[in-house]
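As structure tokens, the structure follows; a few thoughts come after it.
The values are calculated or read from the model by the stated rules, or taken from the named source; none is laboratory data. Keep in mind that this is a model prediction, so the values were computed, not measured. All Cβ positions, even for glycine, are placed from backbone atoms using ideal geometry, and neighbour counts span all protein chains on display.
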Amino acid sequence: MGLRDKMRRLEDATRGKLDSFELADGSRFYYDPTSPEMFLHICDCLMAHDNPERPEPPELVKALARAKDRHAAFSRVFDGWNAELFPYDVEALLERGEIVPISLVVGYELGEPLPDLSE
């Protein structure tokens, strides 16, 4: 067994249960499909709905914008998810590779104040 084979096995072992997709530049983006990062980001986006600035998109979303096959990568990452929960314009991401924030609150534009329903 050569040094390259040993290195490849070591790399595979360190990745554990990570999944990946190919980027346009030929490299691969590795991510943990069980990570709560995307769910927490959606929660942050909901909390910051009426702020003019949105939270920074996670590296996973940035990588999806750079994927070689964005449709396949998105389907792989969000298999079983409801696209209505995705805080970005899916069409802009898949067709043009653009990360465009959208409102997650029906009937309200992004940045529009929400009514206080606490009373």
(message) Regarding segment 55-65, can at least one residue be identified that is of a type outside the set (Ser, Thr, Tyr), at pLDDT below 95 and more than 13 Å from the chain's Cα centre (by Cα)?
(response) no
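Results for (1) surrounded by 11 or more Cβ atoms within 10 Å (Cβ to Cβ); (2) within 16 Å of Leu23 (Cβ to Cβ); (3) not aliphatic (A, V, I, L, M), shown as yes or no for each residue.
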residue	(1), (2), (3)
Ala63	yes, yes, no
Asn82	no, no, yes
Leu85	yes, no, no
Tyr108	yes, no, yes
Glu112	yes, no, yes
Leu117	no, no, no
(message) When the residues of segment 89-102 are narrowed to those that are surrounded by 15 or more Cβ atoms within 10 Å (Cβ to Cβ) and under 17 Å from Pro52 (Cβ atoms), which ends up modelled with the highest pLDDT?
(response) Ile99
(request) For segment 41-56, name all the residues that are assigned to a loop (DSSP other than H, G, I, E, B), buried (at least 18 other Cβ atoms within 10 Å of the Cβ) and out of contact with any Ser or Thr (no Cβ under 8 Å at 6 or more places or on another chain). (result) Arg54
